[in-house]
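Take a look at the structure below.
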Amino acid sequence: MKKILIINGHPDRESYNYALSEAYQRGAVQSGAELTQLNLADLQFDPNLRFGYRKRMELEPDLVDALQRIREAQHIVWFFPMWWYGYPAVMKGFVDRLFLPGIAMKFVEGKPFPEKLLKGRTARIVITADTPSWYDRFFMGRPAINQFKKGTLEFCGISPVAVTYLAPLRGSTEQFRKKWIEKLFRLGLELK
């Protein structure tokens, strides 16, 4: 049985991101996966890494629980909107507070890159945006994808990381949105 963790990084529980994550969840449950979900909007924690890496802040109970779920997961599916070519503040704060040296990676004396401590997990990131894919790729250089996929997940050893980019949402039709709900349900069924 595959252990899947869904992490929803949208701060609005009534967002389309939640509908997408629920569709994925229905498919994964139907396929027999062991599934847990974290909605970052529901967690209580200080999103500011107040001392950088100079001094460790104690993890709040919700972050301790989230870390345990990440460690137990085989596959992590992240849902979030792209805002200003990045991701929401609550998600950035979650990553800053939890993906720490000694937890997600470990600095190695004399080496330019740290040891990856989250190996053995795969991921998918599902990004919603108003920016067309071609513009994000060719004019902006895919900053949200590169930052999160390469600069966070792969940097900590989570690999491979698949990307699902849904855009443009602004002005999209109900048919467009239903099509993507169906696609996420199928991804859940396939446990991808």
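Tabulated data for the structure shown
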read-out	value
Of residues in region 134-144 being over 14 Å from W83 (Cα atoms) and not aromatic (F, W, Y), the one surrounded by the fewest Cβ atoms within 10 Å (Cβ to Cβ)	G141
Qualifying residue in region 134-148 (condition: within 23 Å of L100 (Cβ to Cβ), hydrophobic (A, V, I, L, M, F, W, C), touching a Ser or Thr at 6+ places or on another chain (Cβ under 8 Å) and in contact (Cβ under 8 Å) with a residue 12 or more places away in the chain)	no
Qualifying position, being of a type outside the set (A, V, I, L, M), over 25 Å from Y24 (Cα atoms) and surrounded by 13 or more Cβ atoms within 10 Å (Cβ to Cβ), among K116, K149, K111, K183	K116
Tabulated pairs, region 38-60, first farther than 18 Å from I6 by Cα, second in a strand (DSSP E or B), C-beta under 7 angstrom, 6+ apart or interchain	Y53/P101
Output for region 85-105, where each listed residue is among the aromatic types (F, W, Y) and either closer than 20 Å to S21 by Cβ or out of contact with any helix residue (DSSP H, G or I) (no Cβ under 9 Å at 6 or more places or on another chain) (or both)	Y87, F94
Flag if V95 is in contact with a Ser or Thr (Cβ under 8 Å, 6 or more places away or on another chain) and in contact (Cβ under 8 Å) with a residue 60 or more places away in the chain	no
Residue pairs meeting the criteria (Cβ under 7 Å; at least 6 apart or on separate chains; first within 21 Å of A33 (Cα to Cα), in region 162-187; second small (G, A, S) and surrounded by 17 or more Cβ atoms within 10 Å (Cβ to Cβ))	I181/A23; L184/A23; F185/A23; F185/G27; R186/G27; L187/G27
Scope region 18-48; condition hydrophobic (A, V, I, L, M, F, W, C), farther than 18 Å from A123 by Cα and touching a Leu at 6+ places or on another chain (Cβ under 8 Å); matching residues	L43, F45
Residues within region 40-98 that are in contact with a strand residue (DSSP E or B) (Cβ under 7 Å, 6 or more places away or on another chain), loosely packed, with under 14 Cβ neighbours inside 10 Å and among the charged types (D, E, K, R), tallied	1
Given (1) modelled with pLDDT of 95 or more; (2) over 26 Å from A19 (Cβ atoms), number of the condition A129 does not satisfy	(2)
Tabulated pairs, region 22-35, first farther than 18 Å from F80 by Cβ, second of a type in the set (V, I, T) and outside any strand (DSSP E or B), C-beta under 9 angstrom, 6+ apart or interchain	L35/V29
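The values are calculated or read from the model by the stated rules, or taken from the named source; none is laboratory data. Quick caveat, the model's predicted, so the values are computed rather than measured. Positions of Cβ are generated from backbone atoms using ideal geometry, with glycine treated the same way; all protein chains shown enter the neighbour counts.
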